[in-house]
Every structure is written in structure tokens, then in C-alpha cells.
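The block underneath contains the structure these notes are about, expressed in C-alpha cells.
The values are calculated or read from the model by the stated rules, or taken from the named source; none is laboratory data. None of these values were measured; they are calculated from a predicted model. In this analysis, Cβ positions are derived from the backbone assuming ideal geometry, glycine residues included, and neighbour counts consider all displayed protein chains. Accessible surface areas use protein heavy atoms only, side chains included; no ligands, DNA or RNA. Shrake-Rupley method; radii C 1.70, N 1.55, O 1.52, S 1.80 Å.
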Amino acid sequence: MSSKILWSANDPGGANAIFPVVEALKARGDEVAGVATGPALQFARARGLAVYDAPPFVPNLFLAGTSMGDSTDEKIFRTLGSTPSVYVMDAWGNYKGRFSKDGIDISYMPTKVCVVDEYSKQDAITEGVPESHIEVTGNPHFDHFADTITRAYEDKQLVVFVSQPVSQDVGGAYGFDEYAVLKDVIEVLPDECRLEIRLHPREQVGKYDAYVGGRISVGEGSLEEALSRAGFVVGMFSPVLLQAAIAGKPILSYQPHGVKDNLITNELGLTRKASSHDELEQALREYAAGTYKNPGDVSTVLPKGATARVVAVIDSLL
């Protein structure tokens, strides 16, 4: 017997995390409909998923990708009473922000929270998520994370900066923001290289206009196309860094004077982190000299099969 499953998402990472699950549920015959806002709405339409302005039915289960702030998924969640709910984490960190209206404390709790790995589980518990609500499934988006990235037309002189709206989401809580990071990257960019800025889907066009010119540009086209062209990828703690690393691209996580490292692969020694301007400059010098390599294989901590594991969690609640 098929179930009625309502899904919702706003942020791009959360949307990407649940869309493989939505498609798997549809494929097996469940009645599935979504309410999406923000970047997730565009993502859903691109994948041909049914999207509504309001829930079209009373669901048997609510599935959501996590978002920062008082997003549409949180507003729907608060109307569902005892309806089972499953939220899927797309990355590590920011647990309070994902399950709180004001970002200060965890003010609502889904029936189950699917997290990336055991490290994420322990971090979530530390921040106040009850262990009984946590399931380690992985991120379904990682199942086919780098399938559309190629190295066939890689440009060794192209450095891609993967931006994130850190200043918008957490202010100065991390000890850095995207503007400080970009400024440092530009200062140490090797003379022979160009820099392409990739905006996060929640960032406004024109945000970095003051930095654009000469060797600095804002990228257009798909993220996968940009990563395919890139010779080197630098960012803060975006999962896009892992996507690039799995595709074989040299990557660097730059978190100057950060109070906490939000990319677990740095701690595991699989990716490289620069914590100072000097370390950033050294890394880019090594890249320009052709000696820079990723220290490990990121795919070892992103096992495939996450989509099926999340579906199993859903089935346990129906």
C-alpha cells in the first residue's frame, strides 16, 4: 500500500540531500508532493518534481532537508502534530541553526534526523540533539556526487573559489567570513592563475562586484562545469570541496583563525586545511609549482547507499 509523503526544502544543500530519496519513493509508487522555496524551488523544477504552494494532502510522513532560520519546512513541521518526520542533514555542523527558529537553541525536533556519519552524530549530540532521534545514513546526494565532473578539459591556470554565505548565517561566530577568505585568496593568487568565484545559490548576484576585474570573475553556468574546468578549488567548509576532491581535483579548505573546523575530512587527514594567510600562500605556491596533492581519498568517508538507508528510516516510521 502506497503512502502519502510530503517533502519540503529551502536551502540548496538540504534540497540535494532529499531529492534522491524523493525520486526513490516516487519510483516505488508512493504519492509524493513537495513545498519548496528559495533555491530548492528552482532545483526541484529542474528535476521535474511536483511542487505546490501549500501541502496538497495530509501526509503519512514529512521529509525535509535542513535549512537555516525559520524556513518553510520548519513552518510546515509545526503544523503536523504527531505526523512522523524525517530530516536529512547534508553536511556537518550548525545543528542548532538547522533545528531552531532563532539559531540559539534547538526549539523543534523531528522524529528522526539522518546524519552524514558517526562524527556528525557525536557533534549533534553535543549540541543537544537526542541520540534516540539520530540515524547515521550518509547524505543521499553523495551517492552520485562527482558523476558529472570530468578532468578532460581541465584548465591548470583556473582557481575556483567556492563561496558560502557565512556572514549571513553565523556572523562572526567562526572567526572568519567569506569576504575575509576571498580577500586573502586574491592576495596570494599566483601570477599565472585566474580566479573564478562561484556564488552559493543563496548569495545575491553582484555581491562580489567590488572584487571583480582583471583575473577575477564571477562564474556562470553549472557548478559541475566550473569544477570540471578548475585546476584547483579553494573554499571554507562547503561540501562542494568534497565533490571536487572525489573527482580528483586538488582542493584546499581555508578557515583562518577558525574557532571550529566544520569539514571533518580535514580532521581525518584526507583534505588539507590552511588556518593562516601564510599557509594559504604556501598551498597556492605548491599548486603553481605542480607539487600540491590531496593527502587522502575522501570517498572512503562518503560510502554510497545513503538513499536506500534514508528510505529504510522512512519505512520504519510508516
Fraction of accessible area attributable to carbon and sulfur, region 32-90 (%, probe 1.4 Å): 50
Set of aspartates and glutamates near Lys101 by C-alpha distance (under 17 Å), chain-local residues within fewer than 8 positions excluded: Asp11, Asp70, Asp73, Glu74, Glu127, Asp169
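Give me the percent relative contact order of region 127-269, please, defined on Cα pairs under 8 angstrom at least 6 residues apart.
That works out to 32 percent.
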With 10 Å bins from 0: P(r) over region 36-137, alpha-carbon pairs, percent: 15, 47, 32, 6
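How much of the DSSP beta bridge set in region 102-216 is antiparallel, as a percent to the nearest 5?
Around 10 percent antiparallel, to the nearest 5.
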Among Pro39, Pro56, Pro165: highest mean-square fluctuation, GNM of the chain, C-alpha pairs under 10 Å: Pro56
Whole-number Å³ per residue for the convex hull built on Cα positions in region 179-227: 90
For Glu187, solvent-accessible area (1.4 Å; no DNA, RNA or ligand), Å²: 100
Extended-chain gain in nm, criterion 0.36 nm per residue less alpha-carbon gap, Asp209 and Thr126: 25.9 nm
Among Ala306, Gly231, Gly214 the positive-end extreme of the charge dipole of region 199-318 (Cβ point charges): Ala306
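If you stretched the chain out fully between Lys183 and Glu118, how much longer would it get, using 0.36 nm times the residue separation minus the C-alpha to C-alpha distance?
20.0 nm
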DSSP beta bridge pairing in the chain, given as percent antiparallel to the nearest 5: 5
Label corresponding to Cα extents along the principal axes in Å when calculated from the structure given, among (1) 49, 44, 39; (2) 73, 41, 28; (3) 61, 38, 37: (3)
For region 265-307: relative contact order, % (alpha-carbon pairs under 8 angstrom, 6 or more apart): 47
Of Ala244, Leu189, Asn266, farthest towards positive along the dipole that unit charges on Lys, Arg, Asp, Glu beta carbons give the chain: Ala244
His200, His144, reordered so the largest accessible area comes first (probe 1.4 Å): His144, His200
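Given a 1.4 Å probe and heavy atoms of the protein chains only, how would you sort Val129, Val240, Val218, largest accessible area at the top?
Correct descending sequence by accessible area is Val218, Val240, Val129.
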Residue (of Val166, Thr148, Tyr254) at the positive-pole extreme of the chain, dipole from beta-carbon charges: Thr148
Euclidean distance of C-alpha centroids, region 36-104 and region 217-277, integer Å: 26
Exposure rank, largest accessible area first [Thr37, Thr271, Thr300; 1.4 Å]: Thr300, Thr37, Thr271
Thr291 versus Leu80: modelled label distance in nm, points set 7 Å from Cα along the beta carbon direction: 5.3
Reachable lysines, given that their alpha-carbon falls under 28 Å from the alpha-carbon of Lys304 and they are not under 8 places away in the same chain: Lys4, Lys26, Lys96, Lys112, Lys121, Lys249, Lys260, Lys273, Lys293
Pairwise FRET efficiency - Ser2 versus Ala46, Cβ, R0 = 22 Å, nearest 0.05: 0.30
Packing-based order for 22-29, 287-294, using average beta carbon neighbours within 10 Å, highest first: 22-29, 287-294
Accessible area (Å², per residue) of the chain, counting only protein heavy atoms and a probe of 1.4 Å: 42
